[in-house]
Amino acid sequence: MSSERATLTATTRSEFGTRISRRLRRDGKVPGVVYSDGKEATTFQVESRDARIILGEGHALFDLQVEGSDAIPVVVKEQQHHPVRGDLQHLDLQQVDLNQAIQAEVTVELTGDDVSPGVKQGGVLEHVTREVTVEALPTEIPDSLTLDVSELEINDTLTLEDLTAPEGVELIAEDPTEVTIVTLSPPRVEAEPEDDLEAEPEVVGEGGEEGDDAAEGDAGEDSSDEE
C-alpha cells in the first residue's frame, strides 16, 4: 500500500438523533463514530464528498483528523448506505495500533480477462467473491489484491488458493479451496423462437364450397327474418 496515508478531515458532533442525522445528510454531511479499544467512542461528522473520495479509492488504512485532535490511523468498521439511492448514511471507523496485526476486508481485482481463451470463445466470466479477509499489520494491508485470469478456459474455476498475497499478509479462510473467486462458464444459449409450422392449423368446413353455400344460406335467412 502507499507509504503516505490519506487523511479524512472531520468535525466534532454534539447533537444526536434521527432528525439531526437527516438534517446533516441534507446539508451534504455524514455522521460517524470512531471506536478505540479502552477509550470512549468519538462521534464526528464529515463532508459526504470527502468520505466518498476516501472510500472510493479503496484505502484499507487512512488517518482520521477530527478538529482539535491529532490524526489517528483508522480502518472502516462498517458503512451504511441508503437501500435505494446508495448514498452513504453512516460511517463507523476503528482506531488501530500500527504495531498490532488486524484483520480487514480487501477487494479482489481481476486482470487479463480481455485475453482469456475462454472469454474469447464466448464464455461467461463471473466474479463470485469480490472481497477477502486478510490479516497483517495495518501498514501492510494492501488496498487491493490482483488475480490473473488470462489463462482461464471454459469451465475453469479459481479459488482463494490461487490468490497470492504480499509478504507479511495472510489470507484468512478455514478452507481456501472452498472460497470461489471466479468461474468461467460455457456461453449462454438463447432459446430459439418456435417454428411457425407448429401454429394451430386453420379449420376448414367439411365439403369446402358446400360449407360456404350453407353459410350464405344462413345469411339469407337472417335477412328475410329482419324484413
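Rule-based calculations on the coordinates, nothing more; no lab input. All values derive from a computational prediction rather than experimental measurement. So basically every Cβ, Gly included, is an ideal-geometry build from the backbone, and we count neighbours across all protein chains shown.
Mind checking the alpha-carbon convex hull of region 98-188 and giving the volume per residue in Å³?
Hull volume over Cα atoms, normalised by residue count, gives 82 Å³.
Students often forget the sequence filter, so: which lysines lie under 30 Å Cα-Cα from K120 once same-chain residues fewer than 8 apart are removed?
By straight Cα distance, K120 reaches no lysines at all.
Report, in debye and to the nearest 20, how large the dipole of region 1-96 comes out about its Cα centre when Lys and Arg carry +1 and Asp and Glu carry -1 on their Cβ.
Magnitude of the dipole: close to 560 debye.
Separation of region 3-46 and region 88-111 by C-alpha centroid, Å?
17 Å
Please identify the GluC sites (Glu not before Pro) of region 47-133 that satisfy two criteria: DSSP loop assignment and at most 14 other Cβ atoms within 10 Å. Which are they?
E57, E67
Which of the lysines could be linked to K39 by a straight reach, that is with a Cα gap under 24 Å, when you skip same-chain ones fewer than 8 residues away?
Cross-link targets: K77.
Place +1 on the Cβ of every Lys and Arg and -1 on the Cβ of every Asp and Glu in region 1-65, take the dipole about the Cα centre, and give the residue among L8, A51, V30 whose Cα lies farthest towards its positive end.
Result: V30.
Could you tally the net charge around I154, taking each other residue with its Cβ under 14 Å from the Cβ of I154, Lys/Arg +1 and Asp/Glu -1?
Every neighbour counted, the sum reads -3.
Inverting the mean 1/r over all pairs of different Cα atoms, compute the Kirkwood radius of region 1-96 and quote it in Å.
13.6 Å
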